[in-house]
Amino acid sequence: MFVVTGRSMETSHQEGEAFKAIPDFWASCHMKGLGKALDALAPEKPFLGVCYGMEASGKFRYMIAKESEPIELYESLKIPPATWAVFSCHGPMPEAIQRVWKEEVGPFLRRSDVSELGYPDLEVYPCGDTTLEDYHTEIWVAIKSRP
């Protein structure tokens, strides 16, 4: 288990809302200095986009975070140990990660031999220029095999 610390917002899968709201949230948080503040907590750790609290309506929370002990000014979330399906994304953000969510993660989770555990999903963003064609990030989804 590990703990992530950051700030979150509510969004939804309905009508593609999250694909607009999440990049806007990243931009707003960076303008307000959240990136620098979180980086100071754990400069050696990548930034994380954490999707959690999925509801049947499609609503969920999205947290911009770093792996760090809880800090009073921020929200914290425990990430339990799991078997993770890891999907590689290459290219500028947010287009590359949105493409992998749609074209790889979605079809993978519809397979009959795996199911999601319902744990938070993680987007792992290493340091670097997220606008470059050779930027690399990953999506981690906690899964279990079905019998």
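Any read-out appearing in this document is the output of simple, stated calculations on the displayed coordinates, not a laboratory observation. Fair warning: this is a prediction, and the values are worked out from it, not measured in the lab. Heads up, the Cβs are rebuilt from the backbone with ideal geometry, glycines too, and the neighbour counts pull from every protein chain shown.
Cα-based radius of gyration for region 2-145, normalised by 2.2 N^0.38 Å, reads 1.01. Of ALA65, ALA85, ALA27, the residue with the greatest mean-square motion in the GNM of the chain, using alpha carbon springs below 10 Å, is ALA27. Using the Cβ of LYS102 as centre and a radius below 15 Å, the other residues enclosed give a net charge of -4, where K and R count +1 and D and E count -1. For the chain, the relative contact order works out to 29 percent when only alpha carbon pairs closer than 8 Å and six or more residues apart are counted.
For a modelled paramagnetic label at SER145, 7 Å from Cα along Cα-to-Cβ, the residues of region 103-118 in reach, with backbone nitrogen under 18 Å, are 108-117. Qualifying trypsin sites (Lys or Arg not before Pro) in region 1-35, where qualification requires a DSSP coil assignment and no more than 11 other C-beta atoms within 10 Å, comprise LYS32. Within the listed set ASP134, ASP113, ASP24, the residue fluctuating most in the Gaussian network model of the chain (springs between alpha-carbon atoms under 10 angstrom) is ASP113.
Relative to the longest principal axis of the Cα atoms of the chain, helix 17-31 runs at roughly 20 degrees. Computed extension gain for MET1 through GLU15, at 0.36 nm per residue and net of the alpha carbon distance, reaches 1.7 nm.
Among the listed pairs LYS102/LYS144; LYS36/LYS144; LYS36/LYS78; LYS32/LYS144; LYS36/LYS102, which have their C-alpha atoms separated by more than 28 angstrom in this model?
Numbers: LYS102/LYS144 20 Å; LYS36/LYS144 36 Å; LYS36/LYS78 22 Å; LYS32/LYS144 38 Å; LYS36/LYS102 30 Å.
Result: LYS36/LYS144; LYS32/LYS144; LYS36/LYS102 exceed 28 Å.
Here the label points at GLU95 and ALA40, each 7 Å from Cα along the C-beta direction, are separated by 3.5 nm in the simple model.
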